Amino acid sequence: MKALDELTFDNRFARLGDAFSTHVLPEPIANPRLVVASPAAMALLDLDPAVAETPVFAELFGGHKLWAEAEPRAMVYSGHQFGSYNPQLGDGRGLLLGEVYNEAGEHWDLHLKGAGQTPYSRMGDGRAVLRSSIREFLASEALNALNIPTTRALCVIGSDTPVWREKQERAAMVLRLSPSHVRFGHFEYFYYTKRPEQQKELGEHVLAMHFPECLEQPEPYLAMFREIVERNAELIAKWQAYGFCHGVMNTDNMSILGITFDFGPFAFLDDFDANFICNHSDDQGRYSFSNQVPIGQWNLSALAQALTPFISVEALRETLGLYLPLYQAHYLDLMRRRLGLTTAEDDDQKLLERLLQLMQNSGVDYTLFFRRLGDESPELAVARLRDDFVDIKGFDAWGELYVARVSREGSLDQEQRRVRMHAVNPLYILRNYLAQKAIDAAESGDYAEVRRLHTVLSNPFVEQAGMESYAERPPEWGKHLEISCSS
Ligand code: AMP
Ligand code: MG
């Protein structure tokens, strides 16, 4: 266990120089105080969880203090936003404070979001509001607990600093941890500004830091691109399997590591709805739930374009072709597990599609359905779940197919089946209305609910005593909350 002043820094991205990032000091927020911290994320830095309660913690992550070895930098990047190229983005309100190595030798970027204006702020104030900081914190730690690759969140620091969005709110900062903050948009920036040397420097940095095994391949860049395609196919399969809607899949929000990155108006599905659009400003539904799959490929093509100086177009095209089959294989594998199936049959895809269509037509709760399917024997579970469906006949027909499908797997120990299914079917997810309740309390100065919700979501597969209300379907008011894009 380390104290806060014992972190080991080695700021390799900062050393790439001013073509890649700009030195900027954080601008402190007034009366910084701890809203919530993640003990699991603190453990990644070998930090004793008790230090989160010390005043110096809030001062460090509220922009008042800095380690002598930190070198805060705003990174430059660009990217495709809603399909159009934006040539100049960058950290407009976040700073890479420095890179820390833990005792296991793992590398973590410390990124402070809401740290004030930078050369890339454009018209923005450089701030993040409490509401969006809490949402990012909860989502990062909840996705991680669901075994979905993601950036992590160490803490949220609240303040008295006023910021203006649709109304006056308070500024906050969230400390994000990731092995890398390089986005698809970083490669696009150097490609479109026609700076092949710097693009190569960036590529070599990323290869050495994050894809060292690719350096042993005959074509390191191609091997890296292939790895990025594979990771994204798996990541998006996980989003789809667990009902996570990112909401702003612009290429500047896509991590080179294939992990969930940059949380805005994201949502987990309550009722299953393939066409769900969580982003209030996404009029065309470009980033609707089901579109995340083709958009994943679109984004990889944008990255491929930026990598044409390093890789032949044929090789890029061939590698891009791996995405969809890989996605489909991962997705089906995950959904088989969610259905409690341990073998593969040709018709499993059809069985699944039929179920999702029935759920869609009846607005069935996506998370609770799978959890309940494992609670009891297949026969009893479908008999109990049928009441959730409007098309009861349709569901009964599906139930018969399902029971027969499970029985073809051989002898069934229900207790083992329950344990196996509950290990992949969460009871608790970050429903928008749960986040909203916690935010409402936090905005009036009470952080207990944010902390409780974070604790519940840190262990989503295990039923927790006294936490029944977190496993319920949303009330009417909480079903279709519009999440503002402003953050
Ligand atoms: P996002 O939608 O959060 O992914 O942000 C897109 C771009 O806008 C990034 O370059 C951000 O740094 C920038 N940005 C978002 N909000 C602000 C803000 N309040 N002040 C300055 N820049 C911002
Ligand atoms: Mg972003």
If each K or R counts +1 and each D or E counts -1, the residues other than Ala442 whose Cβ falls under 12 Å of its Cβ total +2
Can you count the Lys pairs in the chain with C-alpha separation below 20 Å, eight or more apart or on different chains? 6
Would you please give the FRET efficiency between Arg420 and Asn102, computed as 1/(1 + (r/R0)^6) with r the Cβ-Cβ distance and R0 = 45 Å, to the nearest 0.05? 0.85
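Sorting check: for 175-185, 158-168, which peptide has the highest mean count of neighbouring beta carbons within 10 Å, and how do the rest follow?
Details: 175-185: 23.8, 158-168: 14.2.
Peptide ranking by packing, descending: 175-185, 158-168.
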Simple spin-label estimate for Asp283/Trp477, 7 Å along Cα→Cβ, in nm, reads 3.1 nm
Which listed residue (Thr367, Phe395, Gly340) has the Cα farthest towards the positive end of the charge dipole for the range 339-422, taking +1 on Lys and Arg C-beta and -1 on Asp and Glu C-beta about the Cα centre? Thr367
What residue among Val182, Ser121, Ala41 has its Cα farthest toward the positive end of the dipole of the range 4-184, where the charges are +1 on Lys, Arg and -1 on Asp, Glu, each on the Cβ? Ser121
For the chain, with only Lys/Arg (+1) and Asp/Glu (-1) charged at the beta-carbon, what is the dipole magnitude about the Cα centre, in debye rounded to 20? 620 debye
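Where the accessible area of the chain is counted over protein heavy atoms with a 1.4 Å probe, how much of it, in %, is carbon and sulfur? Write down the numbers at each step before the final one.
Working: 9970 of 19550 Å².
C and S atoms contribute 51 percent here.
Restricting to the chain, what percent of DSSP beta bridges are antiparallel, rounded to 5? If you can, show how the numbers build up before the last one.
Values: 40 of 43 bridges.
Percentage antiparallel, nearest 5: 95.
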What is the dipole size for the range 193-237, taken about its Cα centre, with +1 at each Lys and Arg Cβ and -1 at each Asp and Glu Cβ, in debye to the nearest 20? 260 debye
Note down, for the chain, the three equivalent ellipsoid semi-axes (square root of 5 times each alpha carbon gyration tensor eigenvalue), biggest first, whole angstrom. 37, 28, 21
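How big is the shadow of the Cα convex hull of the range 59-169, averaged over all directions, in nm²?
9.0 nm²
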As a check on your grasp of the helix formula, calculate [θ] at 222 nm for the chain: sum -39500 (n - 2.57) over DSSP H runs of n ≥ 4, divide by the residue count, round to the nearest 500. -12500 deg cm²/dmol
Highest to lowest packing among 67-79, 374-386, scored as the average C-beta count within 10 Å: 67-79, 374-386
Using alpha-carbon positions, the gyration tensor of the range 371-416 gives root eigenvalues a ≥ b ≥ c; with a/c under 1.5 called rounded, otherwise prolate if a/b exceeds b/c, else oblate, the class is oblate
Magnitude of the Cβ-charge dipole of the range 339-422, K/R +1 and D/E -1, about the Cα centre, nearest 20 debye? 140 debye
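Can you work out the accessible area per residue across the range 4-184, with the rest of the protein chains kept in place, probe 1.4 Å, in square angstrom? Kindly include the intermediate steps, with their values, before the conclusion.
Details: 6310 Å² over 181 residues.
Value returned for the range 4-184: 35 Å² of accessible area per residue.
Give the whole-number value, in cubic angstrom per residue, of the convex hull volume spanned by the C-alpha atoms of the range 346-465.
Working: hull volume 14.6 nm³, N = 120.
In the range 346-465, the Cα convex hull volume per residue is 121 Å³.
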Could you work out the local net charge near Pro28, counting Lys and Arg as +1, Asp and Glu as -1, over the other residues with Cβ closer than 10 Å to its Cβ? -1
Length released on extending from Glu443 to Ser484, taking residue separation times 0.36 nm less the Cα-Cα span: 13.1 nm
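By the gyration tensor of its Cα atoms, with a ≥ b ≥ c the square roots of the eigenvalues, what is the shape of the range 265-368: rounded for a/c under 1.5, prolate for a/b over b/c, or oblate? Intermediate results must be reported in sequence, preceding the final value.
Details: a/c = 3.15, a/b = 1.40, b/c = 2.25.
Since a/c reaches 1.5 but b/c is at least a/b, the shape of the range 265-368 is classed as oblate.
Which FRET efficiency value, to the nearest 0.05, is calculated for Ser407 and Asp18 with the Förster distance at 60 angstrom and r the Cβ-Cβ distance? Show your work: numbers first, answer last.
On the way: r = 66 Å, r/R0 = 1.10.
In this case the efficiency is close to 0.35.
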Among Ser377, Ala302, Pro325, flag the residue with its Cα farthest along the positive direction of the charge dipole of the range 261-396, charges on Cβ as +1 for Lys/Arg and -1 for Asp/Glu. Ala302
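The values are calculated or read from the model by the stated rules, or taken from the named source; none is laboratory data. None of these values were measured; they are calculated from a predicted model. Every residue, glycine among them, receives a Cβ derived from its backbone with ideal geometry; neighbour counts consider all protein chains shown. Note: areas computed on protein heavy atoms with side chains; ligands, DNA, RNA excluded. Shrake-Rupley method; radii C 1.70, N 1.55, O 1.52, S 1.80 Å.
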